[in-house]
Amino acid sequence: MVKGKIKGDEKRFNDIVKQIIRKDLGKYITSGELLGKKKDNIVSIPIKSLEIPRFKYGKHQGGVGSGEGELGDLIGIGKEEGHSEAGDKPGEHILEVDVTLEELAQMLGEELELPFLEDKGKKNVEGEVEKLTSIRKTGPEGLRQFKRTYKEALRRSLQSGQYNILKPRIIPIRDDFRYRSWKTYPRPESNALIVYIMDVSGSMGDMQKEIARQISFWVDTWIEARYHGIEKRFIIHDARAQEVNREEFFTTRESGGTKISTGYEKAHNVITSYYNPDEWNIYVMHFSDGDNWGEDDNKKAFSVLDEKLLPYTNLFCYGQITSQYGSGQFLKDLTNYFGEDEKIRTSIIGDKEGILKCIKEFFGKNEKKRNK
Amino acid sequence: MRRKEISKELKTIIEKTKKKSKEYGLDFFETVFEIVDFEEMNELSSYVGFPSRYPHWKFGMEYTQFKKGYNYGLMKIYEMVINNNPCYAYLLESNEMVDQKLVIAHVYAHSDFFKNNTEFSKTRRNMIDEIANHGERVRKYVDLFGRETIEKFIDTCLSLEYLIDPNSIFIKRKECFHNLEEELELEEKGLEKRLPKIEVERTYMDEFINPKSILEEETKKLEEKNKKTEKFPEEPERDILFFLIENSKLKRWQADILSIIWEEIYYFAPQIKTKIMNEGWAAYWHSKIMTGSDKTNPLIDSSLAAILDDDEFINYAEHHSGITTVPRVGINQYKIGLELFRDIEDRWDRGKHGKIYEEATDISILDTWDDFIAFKNLYEEFKNLDLKEKWYEYLTFKKVVKKMSDSGDLYLKYREDIPLHWHKYLEFKEGKENRFSKVYSKIESALLENKVEEEIPEPWFEHASKYPGKIKIGKGREKIFEVRKIYNDITFIDTFLTKEFCEKHKLFVYDYEEKNNTYYISDRDFQKIKQRLLFSLTNAGQPIVEVVDANYQNRGELYLKHKLTEELDIKSQTLDIKKAEATLENIYEIWKKPVYLETVLDDDLKIFSYNGEKHKKLDLVN
């Protein structure tokens, strides 16, 4: 018996599944359910379209069962598409495939054809770094990974039917043991830093904030997937700005007036306080509904951008999310002020459907500044 | 790749179990065992027991599901056996010894089933080679035409996989497929109708059995027939797959691949048709062999000992019950098959079958059937006073045996077995020694002290007189061997499912309620249960579709008909529309001309059609 022939078929299946997921990517991305999850989180995605079509009954079919119960008693709940709960018909359950958030984000990158963020040729730091990020089946006891070992033993025990829920006893066999191991990473040739700025003022409604978060989340997840060790900073502002952590960024509910300049000032502060702009590739993203507190603050914001941020950033992305309260004036003024600047990319997002488009407009290949 | 060593201990167990199985009468092909680990077992399961198959993502999909434990359901895969000679069986490396014993016994029973059940009599027993050959052929085509082309075509073929005639297994397989060149030439002669060669070994006889002259004559006859544009096919054809291979304009490699799909589904079809029986048979035997319970059946002369050690017994019980746990919805195929076999054995041990049983209505007869049978056999031999005496002797015998079992002089597993001892006792009195001889001789004297005198219920005489001849008892074991040979799931259920069985095992019919999207218990009536079960087994519960006209509208278009059944109301036989349309597209792929399907859509009869570009739905004008 030759072991392993199935790997080819498995890979083929995975490739097909990835294609299917990529096609429906927008759906998963904008569903909002995944917001806030960590990149290793596994998501179960139901794949309906991979079934080979046959002549089948459309309606749910009854059948024969056994057990206690009166006539009329409820014994099961129907799944979609004529699939019953019955365990006697193999292969009728809906196919669900596990994907990590990271994989989803990578698909996003491929689907939108997002390139590597362009390196502006900062100072190269050479060398390699070893990280204990990989797992292998052998190793010194000191590096034994308990969790993975236990998981393997548990899985094996469950699948071979030995697991006794009343007397749970997991005894790992040699094959179960897992040990941490090194993976050598080339130290990134350039260091990258992303600063996310979000307008959380009153005019930014829940939907607008949601959109801003979703875009930030996916960009963040995608970048995490492509680059290891990237730095990120999160800033929220209304009439004042403050730096927050990732979690707060994704959950906060401020609501005050709007002074965009404060956001940019804060960003500049944070960046220059902690990083040497000469050594870092810096990317800044800002989301707002464009309803700033008057022309004066617009001017102020532009001068901060022009004189402070733009000189050292590789890319500044401004995403304006349409809101019924916002005038959207900021984008117009920004465009007027800067004209065609290759460091600035903008996007208008009307609703959730525009999320993917925005990401593409920010990071897509050879995109010129767009204005709709 | 290293093959895992079978430990000495395991080898001993295999030998022991093999010997025991043979002693019980199991008759199997030479069986080769292999130890595999988890990953290998998942891989084998994905390939349905074969080391490899043709390349296709569906196997990858199965594998992914197996890895997650989804496909196991209630059944924890301990083993994998294939219908082949020699039989190959795979044991999971990490099984404890008690599991291995159970599995090995289970395997031998499967092997016996494959070898002896008539549904399998025409299957290839060298399928392992054949399937490997299929894989090679497909891989060759992948090399020639590219993976994507081949994969797409296989997807198309798989869509039609179940459009076969499961009852045609015994019709000679036509050897057309391997003479494709010849047939493509025949295409030129009008309708692509080929004269199937009678299946023969490819030897010199070929020339003689299908001499050219006769073939030419037959072909001419067909041509004349065709000129009259008679209906083609004459009768509705259920084996659509085969029909397509024979009659559509496929490229040689396409016809070959379609024929591979056809061959494989026909190979697996008997397994689908006998799943309940096969699993029941295997569960019956692993239980029997493991616990050696033949000792407790008085009617069986052998006293084969158990294979299990005492402390393994508990473990075994757990695992066995894991296999036979009953799900709420749907039936556990192991359990129903197992219980039916046991029921059959019990009934044939006690003469609880045939007209004498089926036509009995009197409660006193049915409630104490064993007593009635004892009476019946005495009635055949004795009359009047003698009969009475003998009857009292029987009653007394029962009392004594019960006493002896209470005091430990006789091992009695079930109270119900007491009457069975009577028959053995009669044998003993006739001079036939058996394993109870010692005990029976003690009984003789005890009979005098324990006289019981009760009257024979009146209705018994009449009923006994209706059916001449003694009733055979103790035929249970023989009967189940016969059953495993000649029945399939449908005939098995049809013949042996009884009202009592349904009641005992609390079977019910369940239905779906659209409003709340729920399933509920709808009936416990025996006939309804049986009907529903048979329906779900017919054509594996799939709608039946046939080719009715391959020259529709005189333009060579293909007309299919969904054969509706009376078992369900019209509305619930509506097909899944999206899937039906996609399947029609796949049929079009092969037929290359418009395809029609006459079917039902809710309350109306409709014709779905596909012409390569558009799907249409027309009302059926009749």
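The values are calculated or read from the model by the stated rules, or taken from the named source; none is laboratory data. Worth saying up front: this structure is predicted, and the values here are computed from it rather than measured. Neighbour counts are summed over all protein chains in view; Cβ atoms, including those assigned to glycine, are modelled from backbone coordinates with ideal geometry. Protein only, heavy atoms only, side chains kept; ligands, DNA and RNA dropped before computing areas. Shrake-Rupley method; radii C 1.70, N 1.55, O 1.52, S 1.80 Å.
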What's the average, rounded to a whole number, of partner chain beta-carbon atoms within 10 Å of each residue's beta-carbon in B:512-523?
6
With a ≥ b ≥ c the root eigenvalues of the C-alpha gyration tensor of the range B:379-513, is it rounded (a/c under 1.5), prolate (a/b larger than b/c) or oblate?
prolate
Averaged over peptide B:153-160, how many Cβ atoms belonging to another chain are found within 10 Å of each residue's Cβ?
2
Can you compute 3J(HN,Hα) from phi for each residue in the range B:244-250, using the Karplus curve 6.51 cos²θ - 1.76 cosθ + 1.60 with θ = phi - 60°, rounded to whole Hz and x for Gly and Pro?
5, 4, 5, 10, 9, 8, 9
Sorted by average packing, counted as other Cβ atoms within 10 angstrom per residue and highest first, what order do B:408-420, A:201-213 take?
A:201-213, B:408-420
So what J values fall out for the range A:258-272 if you push phi through Karplus, 6.51 cos²θ - 1.76 cosθ + 1.60 with θ = phi - 60°, rounded to Hz, Gly and Pro as x?
10, 9, 4, 4, 4, x, 5, 4, 4, 4, 4, 4, 4, 4, 6
Would you give the gap between the C-alpha center of the range B:79-136 and the C-alpha center of the range B:239-261, rounded to a whole Å?
29
Taking the Cβ-Cβ separation of B:Lys383 and B:Arg125 as r and a Förster radius of 41 Å, what is the calculated FRET efficiency to the nearest 0.05?
0.15
When the Karplus curve 6.51 cos²θ - 1.76 cosθ + 1.60 is applied with θ = phi - 60°, which whole-Hz ³J(HN,Hα) does each residue of the range B:551-567 get, with x for Gly and Pro?
10, 4, 6, 6, 10, x, 7, 9, 10, 10, 10, 7, 7, 6, 10, 7, 5
In the range B:328-404, which GluC sites (Glu not before Pro) fall in coil by DSSP and have 12 or fewer other Cβ atoms within 10 Å?
B:Glu359
Most packed first (mean Cβ within 10 Å per residue), the peptides A:327-334, B:272-279 order as B:272-279, A:327-334
Taking H placed 1.01 Å from N in the peptide plane, check which residues at least 5 places from B:Ile544 or on another chain put their amide H under 5 Å from its amide H.
B:Lys563
Of all trypsin sites (Lys or Arg not before Pro) in the range B:546-612, which ones are in loop regions per DSSP and have a Cβ with at most 14 other Cβ atoms within 10 Å?
B:Arg555, B:Lys592
Amide proton proximity set for B:Gly474, modelled H, under 5 Å, gap of 5+
B:Asp349, B:Arg350, B:Gly351
Two-site label geometry, A:Leu158 and B:Glu161: point separation in nm, points 7 Å out along Cα→Cβ
2.7
Do any GluC sites (Glu not before Pro) in the range B:510-570 lie in a loop, going by DSSP, with at most 13 other beta-carbon atoms within 10 Å of their beta carbon, and if so which?
B:Glu514, B:Glu566, B:Glu567
To the nearest 10 Å², what's B:Leu533's accessible area with a 1.4 Å probe?
0
What is the mean number of Cβ atoms from other protein chains located within 10 Å of the Cβ atom of each residue in peptide B:95-102, rounded to a whole number?
1
Between B:Lys470 and B:Arg147, what's the calculated FRET efficiency when r is the beta-carbon distance and R0 is 45 Å? Round to 0.05.
0.05
Can you pull the one-decimal nm distance between simple spin-label points at B:Glu500 and B:Arg415, each 7 Å off the Cα toward Cβ?
1.6
Cβ under 10 Å from B:Ile164's Cβ, B:Ile164 left aside: what net charge do those residues give with Lys, Arg +1 and Asp, Glu -1?
-2
Efficiency by 1/(1 + (r/R0)^6): what FRET value for B:Thr565 and B:Glu96, r their Cβ-Cβ distance, R0 = 56 Å, to the nearest 0.05?
0.75
Using amide H atoms built 1.01 Å from N in the peptide plane, name the residues 5+ places from A:Asp73, or on other chains, whose amide H lies under 5 Å from its own.
B:Ile521
Restricting things to alpha carbons, find the Rg to Rh ratio for the range A:211-282 using the Kirkwood radius for Rh.
0.98
Quote the Stokes-Einstein diffusion coefficient, in whole µm² s⁻¹, for the range B:87-175, based on the Kirkwood radius over alpha carbon pairs, a temperature of 25 °C and a viscosity of 0.890 mPa s.
146
Using 5 Å bins from zero, what percent of all Cα-Cα pairs in the range A:262-340 falls into each bin?
3, 14, 25, 26, 15, 10, 4, 1, 0
A:Thr30, B:Thr538, reordered so the largest accessible area comes first (probe 1.4 Å):
B:Thr538, A:Thr30
Quick one: which of A:137-143, B:439-445 comes out on top by average Cβ neighbours within 10 Å, and what's the full order, highest first?
B:439-445, A:137-143
A:Glu307-A:Arg148 pseudo-label distance in nm [points 7 Å out on the Cα-to-Cβ vector]:
5.3
Over 10 Å intervals from 0, what percent of Cα-Cα pairs in the range B:511-622 sits in each interval?
12, 39, 29, 15, 5, 0
